[in-house]
Amino acid sequence: MKIKKVLNNSGVSILEVIVAILIITVGMVGVLSLVIQNIRVQYIDKNILIASSLAQEGVELIRNIRDLNWLTPGNLWNQGVVGSGADYTYAIDYGGRGSINLAVDAIGDAGAKLYTNSDGFYTHTSTGNTATAFSRLITVVDNINYLDVKCTIRWSEGTQNHDYTAETYLYDWK
């Protein structure tokens, strides 16, 4: 009868353990980088959504002034929306015609900066309000038969500025 030697090779070598840890680490780094990128994109998308809403609000404020002019006897349809020049640039917030700031000529001006009040509304008034990363500038070009309304929103993320612009044409169709 022959005697067989039984070798016990069921253990794991240190090299196998190191390779397994390396594979798991590479997989985890990939997953973590994906999570970090997702958080960054979510933050950027949130600001783009806010900027698009603020730009649409700016356009609607100008549309509201035009519509109020139609309802006020003796007003021209573009009264208070355009000035003596071809381009008319200013800041406006939810207060409508009474909140127009004609001193704002550029998106970087202090008057273009937006703040939130205690009710959560965006305003250009800094007193007692919380500063945001957003600025809003309205540009209206009078083309005789229609107005070219452009609302630009700018916000900063770190050292990079982002701009969002909404544009529409308003006609005197009444």
task: Name the one entry in Ala20, Ala55 that is modelled with pLDDT of 90 or more, part of a helix (DSSP H, G or I) and more than 22 Å from Tyr146 (Cβ to Cβ).
output: Ala20
statement: Expected output for segment 124-145 (first residue without any contact (Cβ under 8 Å) to a residue 60 or more places away in the chain, partner part of a loop (DSSP other than H, G, I, E, B) and β-branched (Val, Ile, Thr), Cβ below 6 Å, 6+ apart or cross-chain) is Ser135/Ile107; Leu137/Ile107
message: Looking only at segment 114-124, how many residues end up being assigned to a loop (DSSP other than H, G, I, E, B) and under 11 Å from Tyr94 (Cα atoms)?
response: 2
- prompt: What are the residues in segment 64-119 that are surrounded by 14 or more Cβ atoms within 10 Å (Cβ to Cβ), over 21 Å from the mean Cα position of the chain (by Cα) and aromatic (Phe, Trp, Tyr), if any?
  reply: Trp77, Tyr88
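Of the residues that make up segment 150-164, is at least one over 18 Å from the mean Cα position of the chain (by Cα) and within 21 Å of Ile50 (Cα to Cα)?
No, segment 150-164 has no match at all.
The values are calculated or read from the model by the stated rules, or taken from the named source; none is laboratory data. Because the structure is predicted, anything quoted here is derived from the model rather than measured. Every residue, glycine among them, receives a Cβ derived from its backbone with ideal geometry; neighbour counts consider all protein chains shown.
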